Every structure is written in C-alpha cells, then in structure tokens.
Amino acid sequence: MLPNDLTRVAGVITSVPQTPLSHVNLKAKQNNLPNCYVKDAVLHPAIAPLIGKNVRYETLPDGFTLREATPEEVEQHINSLRPPNPQFPARDLTKTTIQRLSALGFVSANSYGAKASNVAELRKFLPAGMVPDGYGVPYYFYDEFMKANGLYAVAQDMMADPPFATDPFYRELMLRNFRNIIKASPIPQALRDALATVQAQFPAGFGIRCRSSANAEDLPSFNGAGLYDSFTHRPDEGHLEKSIKQVWASLWNLRAFDEREFARVDHLTSAMGVLLHPNFDDELANGVGVTKNLIDPNWTGYYVNAQLGESLVTN
C-alpha cells in the first residue's frame, strides 16, 4: 500500500504500482514533483547505490534519470519550489452554527471548508440519493475550542522551541503530544450541546462519518491530499465530541504541518471544519474520479479508479 502519511519530499519512487488519482500522485502533481513506479526499486542498479544520498531525479516518458546531487543544487531546487511569501488561509468565523448541506454551497468554503461546501454543491445537480446528506460544522467551532483551552498559546510555544524547527523527530513527538492535548481538552458546553443536537438527527444504530474540511485543503493551489484525518463515530462511542476532536487534532499531523510550513501557510490561521454524513459500511466498491481524460486529452472523457471492497483506492 502506498504511504498515506507521506510528509514533504522532493520526489517519489515507489515499488508498488500507483494510480493517477492516488494521494501520492495528487500530491506530486500539486507540488510539481517527479513520481514514478519502479519494480523492485531498492534493488535497481541505478537506485541502490544512491540510497541515503541527495540526488538529482527526473522522470521521463519512458523512464527516469538519477545521479548524486551537490548541496548547491539541493538548495537551489528547494528555493525554486517554495513560495516566496507567507500565505494566510481565508477563514470566516462569523458563521457560528452547524448547517445542513442543503444550506451550503461553494460560497460557504471560507466558513465550512471546501470539502463540506463541494459535497453540498454536488447535491444541487446530481440525482437524488447519489450524494449523501449531512451537515457542515464551521471553523467557528474549532476556533472557539482552541481559544477556550488556551491552545493557540500552546501551539505558539511549541513552534518557538528551537529543536522543533530543526529536528524532525522532536517535531513529530511534540506534535503528537499536542494532538493528545487537543483530544483531552473539553469542548465549550454551548458547542457540545449543538453537536449533540446534530448527532440526534442521525438514525440510531448507524455510524457518522466525520470528515476533515480544512481551509488548507481541496483548494486550487493546495489540494492537501492525505494531509488530514477523517473518522467514523460508532453508535457505542457516546457523544460526537470524541470524533470531532480527533478530526480537529489532525490539523496538527506532522505531514500536514510540514506541508504547510514548506508552502509558508500560517498554521494559526489554518482552521478545521468538519463534514458530517452517514457512514457506509460493507461498501461494494471504492473509487475516485476526475472529469478529465488523463490518457488522451484530445478525447473528451472522465477518468475513474475503482476497486472492489472498502480499501481506499486513494492509498
């Protein structure tokens, strides 16, 4: 299986076949990174001697080239990819209530996230029953929760710690600890009550899918594929807050943090909305599609990756 938790890299070679719509390939396309599949890659005579070294790597229509790179080449390449200026994701905190998807659309992205807004928009023109119904939890809930528990200050102190910026193992440890703090912190009672009201609207005995809908994903310049986590809240797990906080905490995954850091996306302006809809167990198939002919742009068509069962085709 391809890694779904891949952090920021300069290129990818996998020994597992990929699909064009896998998270790894979508991230490579977003970041303009070389990416290819090579059978038995670690044994390949052009790859094995260079494992553990900085390399210059280029993909070609019929193969790839690989050689050791100088430190100057590495620095120049990284600087050519990284945006020159800080980015501050839009977040509208004036929308303070959980809304049905029927009340949302593209215009809601700055308040509820692109994922919730895009699903809401799909419901407007696709046949009834094709797109799940549900709700959008706005960024306001995440922001109020963070402020109520003083977590923005905790995040600032964590990021200001010198080893955090220079030691990836230390950074991973500190981010894991911070996610645990988020999951253990209480949600303000008014927000908790609002979540309970929505939870009661779902059929008893069915799981609720809680999907990340951040302001730093599903955007034209930053798809965020695979950066954040979604969770299924099972009927025996009690109040919905448990799974909501797990989704909020995933904003601080190592892979998400490193990707935003490279893109100079402000971490404290980043916010997490949540898309809620019924969970579907025992799926017959799992797939992902794009409204484009990826094989031959001269022919109109759609491209779909699908496979039997519940295993995520994006991975």
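The values are calculated or read from the model by the stated rules, or taken from the named source; none is laboratory data. From a predicted model like this one, the values you see are computed outputs, not experimental measurements. When we count neighbours, we look across all protein chains shown, and the Cβ atoms used for this are built from the backbone with ideal geometry, even at glycine. The area values use the complete protein model at the heavy-atom level, side chains included, leaving out ligands, DNA and RNA. Shrake-Rupley method; radii C 1.70, N 1.55, O 1.52, S 1.80 Å.
For segment 30-61, the tally of residues that are in contact with a helix residue (DSSP H, G or I) (Cβ under 7 Å, 6 or more places away or on another chain) and charged (D, E, K, R) stands at 1.
To keep it simple, each residue is scored yes or no on (1) touching a residue at least 24 places away in the same chain (Cβ under 8 Å); (2) farther than 23 Å from Leu275 by Cβ; (3) of a type in the set (S, T, N, Q).
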| residue | (1), (2), (3) |
| --- | --- |
| Asn85 | yes, yes, yes |
| Arg91 | yes, no, no |
| Gln99 | yes, no, yes |
| Leu104 | yes, no, no |
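Of the residues making up segment 5-22, those that are aliphatic (A, V, I, L, M) and either closer than 27 Å to Gln307 by Cβ or not in a loop (DSSP other than H, G, I, E, B) (or both) are Leu6, Val9, Val12, Ile13, Val16, Leu21. Hey, does segment 96-108 have a residue that's outside any helix (DSSP H, G or I), modelled with pLDDT of 95 or more, in contact with a strand residue (DSSP E or B) (Cβ under 9 Å, 6 or more places away or on another chain) and not hydrophobic (A, V, I, L, M, F, W, C)? Yes, segment 96-108 contains a residue that is outside any helix (DSSP H, G or I), modelled with pLDDT of 95 or more, in contact with a strand residue (DSSP E or B) (Cβ under 9 Å, 6 or more places away or on another chain) and not hydrophobic (A, V, I, L, M, F, W, C). Condition check for Arg211 on (1) over 19 Å from the mean Cα position of the chain (by Cα); (2) in a strand (DSSP E or B): one failure, at (1). Remark: pairs (first residue in segment 304-315, in contact (Cβ under 8 Å) with a residue 60 or more places away in the chain and under 14 Å from Val16 (Cβ atoms); second residue open to solvent by 30 Å² or more (accessible area, probe 1.4 Å) and part of a loop (DSSP other than H, G, I, E, B); Cβ separation under 6 Å; 6+ apart in sequence or on different chains) = Asn315/Met1; Asn315/Asn4. Return a yes/no flag: does segment 63-77 have any residue that is within 26 Å of the chain's Cα centre (by Cα), at pLDDT below 95 and surrounded by 11 or more Cβ atoms within 10 Å (Cβ to Cβ). Within segment 63-77, one or more residues are within 26 Å of the chain's Cα centre (by Cα), at pLDDT below 95 and surrounded by 11 or more Cβ atoms within 10 Å (Cβ to Cβ).
Does Arg179 qualify as being assigned to a helix (DSSP H, G or I) and open to solvent by less than 60 Å² (accessible area, probe 1.4 Å)? Lay out the reasoning, then the answer.
Details: assigned to a helix (DSSP H, G or I): yes; open to solvent by less than 60 Å² (accessible area, probe 1.4 Å): yes.
Spelling it out, Arg179 is indeed assigned to a helix (DSSP H, G or I) and open to solvent by less than 60 Å² (accessible area, probe 1.4 Å).
Taking only segment 23-69 into account, find how many residues are over 26 Å from Gly226 (Cα atoms), in a strand (DSSP E or B) and among the acidic types (Asp, Glu). Of the residues in segment 23-69, 1 are over 26 Å from Gly226 (Cα atoms), in a strand (DSSP E or B) and among the acidic types (Asp, Glu). Taken over segment 153-164, the criterion of being open to solvent by less than 60 Å² (accessible area, probe 1.4 Å) and over 12 Å from Trp252 (Cα atoms) is satisfied by Ala153, Val154, Asp161, Pro163, Phe164.
So that you can scan it fast, the table gives a plain yes or no per residue for (1) out of contact with any His (no Cβ under 8 Å at 6 or more places or on another chain); (2) within 30 Å of Pro188 (Cα to Cα); (3) not acidic (Asp, Glu):
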site: Ile51; (1), (2), (3): yes, no, yes
site: Asn54; (1), (2), (3): yes, no, yes
site: Thr59; (1), (2), (3): yes, no, yes
site: Arg67; (1), (2), (3): yes, no, yes
site: Glu73; (1), (2), (3): yes, no, no
site: Ile78; (1), (2), (3): yes, no, yes
site: Phe88; (1), (2), (3): yes, yes, yes
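Out of everything in segment 217-264 that is aliphatic (A, V, I, L, M) and under 10 Å from the mean Cα position of the chain (by Cα), what residue ends up being surrounded by the fewest Cβ atoms within 10 Å (Cβ to Cβ)?
This residue is Ala225.
State whether one or more residues within segment 126-144 are open to solvent by 50 Å² or more (accessible area, probe 1.4 Å) and either within 17 Å of His267 (Cα to Cα) or of a type in the set (Ser, Thr, Tyr) (or both).
Yes.
Checked against the criterion of being free of Cβ contacts under 8 Å to residues at least 12 places away in the same chain and either surrounded by fewer than 18 Cβ atoms within 10 Å (Cβ to Cβ) or of a type in the set (Asp, Glu) (or both), segment 32-41 has no qualifying residue.
His277 fulfils the conditions (1) open to solvent by 60 Å² or more (accessible area, probe 1.4 Å); (2) outside any loop (DSSP other than H, G, I, E, B) except for a single criterion, (1).
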